[in-house]
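What follows draws every value from the coordinates through simple rules; no lab data is involved. Not measured: the values here are computed from a predicted model. Glycine also receives a Cβ, built like all others from the backbone with ideal geometry; neighbour counts cover every protein chain displayed.
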Amino acid sequence: MLKGIIFDLDGTLISLHVDGAAFRKEIADVLARAGFRVDLIDATSKGIYVQDILDGARSQIEDGLVKADYELVRRRTFSALDALEVEWIQHSRLLPGAEAILSRLNGEGRVPITLALLTNSGRAATKYALEGLGLGRFFSNSFTRDDLPAMKPRPEGITTAL
């Protein structure tokens, strides 16, 4: 028997037009300022995940190429991304049918299915979606990159949500 569903946010429930090149450039700039060899991480390549970039930074620390605190670098990276996401999410809208589907899953007179939200977006942007777009009433839990040790596509978010 189905007990719960985990939803992604961006592109699944809301329209969010992200400038991937700007995102990757921001990350590369943060890492370069901290002394990382961005050319070894390939941080500006299209299609690379933020988590892959962070894993590359961690490898440089572990290999002794850079003397830095990984958690501090991670927080600084996320902070830089937050500013971009908060700007972009203010122009987002619920995708057609998202609210109706969530309402139906949430009960409508029957036993509701537990719904959780798992996103690579930061807490600030996710809070806007939950409050500003009215999605908060549907989810018993939400998990952002700020809440987890690693981002998707790594499995830690799914494991935590389960």
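Here are some notes:
- Under a 5 Å amide H cut-off, with hydrogens placed 1.01 Å from N, S121 pairs with R145 among residues at least 5 apart or on other chains.
- In a DSSP loop and with at most 16 other Cβ atoms within 10 Å, the trypsin sites (Lys or Arg not before Pro) in region 1-36 are K3.
- If a spin label sat at a point 7 angstrom from the Cα of L72 along the line to its beta carbon, the backbone N atoms of region 16-35 nearer than 16 Å would be those of 30-35.
- Projecting the Cα atoms of S79, A34, Y49 onto the charge dipole of region 20-89, computed from C-beta unit charges around the Cα centre, puts A34 farthest toward the positive end.
- Of A34, A150, A43, the one that fluctuates the most in a GNM where the chain has Cα springs shorter than 10 Å: A34
- Across region 114-119, computed HN-Hα scalar couplings (Karplus, 6.51 cos²θ - 1.76 cosθ + 1.60, θ = phi - 60°) run 5, 10, 10, 10, 10, 9 Hz from first to last residue, x flagging Gly and Pro.
- Modelled spin labels at K46 and T12, positioned 7 Å past Cα toward Cβ, are 2.5 nm from each other.
- Here the relative contact order of the chain, from alpha carbon pairs under 8 Å that lie six or more residues apart, stands at 29 percent.
- Distance histogram in 10 Å bins (all Cα pairs of region 41-108, percent per bin): 16, 30, 24, 19, 10, 1
- Sites matching trypsin sites (Lys or Arg not before Pro) across region 74-136 that sit in DSSP coil, with at most 14 neighbouring C-beta atoms within 10 Å: R110
- Within straight-line reach of K46, meaning a Cα separation under 23 Å, sit the following lysines at least 8 residues removed in sequence or on another chain: K25, K152.
- Low-density loop cleavage sites - GluC sites (Glu not before Pro) in region 68-162, where at most 16 other Cβ are within 10 Å (DSSP): E108
- Taking 7 Å steps out from each Cα toward its Cβ at D29 and Q90 produces label points 1.8 nm apart.
- Between region 1-77 and region 124-143, the Cα center-to-center distance that results, in Å: 23
- Most fluctuating residue given options L135, L95, L117, as computed from a GNM of the chain linking Cα atoms under 10 Å: L95
- When the chain is treated as a GNM with alpha-carbon contacts under 10 Å, the residue of D63, D19, D82 showing the greatest mean-square fluctuation is D63.
- With R₀ fixed at 35 Å, the C-beta to C-beta distance from R137 to S79 puts the FRET efficiency at about 0.75.
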